[in-house]
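The values are calculated or read from the model by the stated rules, or taken from the named source; none is laboratory data. Every value quoted in this text rests on a predicted model; they were computed, and no experiment measured them. Please note: Cβ atoms are built from the backbone with ideal geometry, for glycine as well, and neighbour counts cover all protein chains shown.
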């Protein structure tokens, strides 16, 4: 008796599970959107880190010199990696090991500034901590007194590469851990996936990295920010001191030597060697050059690369593209719309209203054939169930 009724129920459960399977498979098999990082944590999906095509185009995955056809190669440079790009269009005009990961040194301060400028009030007074004052490496000479505004610290960060200013700004932003999380989230928003910030100053630390491609992305985003652009293009300024002030000067030598130079940032450590990212504007057009891992004096070489960029922008087929930042997520609905129940899912049209030929199509066209087969199984199960109930009723009389 019991067995007669278990079988139809099992058929019904199996049919229900199978009917739901195609929809579940479509969700599970749908590819994740490439380059869609979690902006809250800064984590990058594995699929985004290991895409078949490098960020910016397939050619940028090469390690050697990457050139457009039919043009003379850029001037030689001792840099292990570089990118020449058109800032307006984002076109990468030439590159060498564009996505090679290297220690960024103080060029990382461009990311620090880009991250913190929107978060901190420029007029806020800062009292640097002992830790910030004693930060190793290049420094502007902070003292633990309330002498400085956020504006002062940003200027010294970008002009004289103050590591003490980097730490003081990080502390003003809620601490080192918070600031590093913010910097890495900003890098992911920019799709600068080669960049990992372990310090706000660029001082060498295991696991820290960037690339010539990422430095160009960061510089391009920074140029769109008026405060960032003002800081990097300032040649000299006054900096507060316990008794008055003293003058500071920008370490970017091309601000004095290269026509149209806007600025950005240079860097050097004994492990990273020389690095630089800069932008210049001529005849209404801006070119970005970034270099990494240079073992000597690079200023003239950067100037030559900029010249090549201006001579060839708009004339050559680009070898890649500086990608745009990840779009900001749409705001969640508020008010009555937020509390309204979700709309009922649309029901499929009756079989009679569908294409009569649908049942003979392959499973990936129209309504899958398996749906019809499962309907037959379901109908048979129901018939079996009704037959068993009638037999039981007769015996009970």
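Name the single residue, out of those in the stretch 193-212 being without any contact (Cβ under 8 Å) to a residue 60 or more places away in the chain and on the phi < 0 side of the Ramachandran plot, that is surrounded by the fewest Cβ atoms within 10 Å (Cβ to Cβ).
206
As for the stretch 178-192, it holds at least one residue that is in contact with a helix residue (DSSP H, G or I) (Cβ under 7 Å, 6 or more places away or on another chain), more than 20 Å from residue 267 (Cβ to Cβ), assigned by TED's automatic domain parsing to the domain that holds residue 288 and in a helix (DSSP H, G or I). Going through the stretch 284-314 one residue at a time, which ones are over 25 Å from residue 267 (Cβ atoms) and touching a residue at least 12 places away in the same chain (Cβ under 8 Å)? 285, 312, 313, 314, listed by residue number. For the stretch 151-171, indicate whether the set of residues that are surrounded by fewer than 22 Cβ atoms within 10 Å (Cβ to Cβ), closer than 23 Å to residue 136 by Cα and either without any contact (Cβ under 8 Å) to a residue 40 or more places away in the chain or in contact with a helix residue (DSSP H, G or I) (Cβ under 9 Å, 6 or more places away or on another chain) (or both) is non-empty. Scanning the stretch 151-171, I find at least one residue that is surrounded by fewer than 22 Cβ atoms within 10 Å (Cβ to Cβ), closer than 23 Å to residue 136 by Cα and either without any contact (Cβ under 8 Å) to a residue 40 or more places away in the chain or in contact with a helix residue (DSSP H, G or I) (Cβ under 9 Å, 6 or more places away or on another chain) (or both), so the answer is yes.
Table: residues versus (1) outside any helix (DSSP H, G or I); (2) modelled with pLDDT of 95 or more; (3) touching a strand residue (DSSP E or B) at 6+ places or on another chain (Cβ under 9 Å).
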site	(1), (2), (3)
8	no, no, no
19	no, no, no
40	yes, no, no
106	no, yes, yes
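Listed by first and then second residue, the pairs linking a residue in the stretch 213-227 that is within 15 Å of residue 291 (Cβ to Cβ) to a residue that is part of a helix (DSSP H, G or I), with Cβ atoms under 6 Å apart and 6 or more places separating them unless they lie on different chains, are 215/107; 218/110; 218/111.
Has the stretch 276-292 got any residue that is in contact with a helix residue (DSSP H, G or I) (Cβ under 9 Å, 6 or more places away or on another chain) and either in a loop (DSSP other than H, G, I, E, B) or at positive phi (or both)? Checked against the condition, which is being in contact with a helix residue (DSSP H, G or I) (Cβ under 9 Å, 6 or more places away or on another chain) and either in a loop (DSSP other than H, G, I, E, B) or at positive phi (or both), the stretch 276-292 yields at least one hit.
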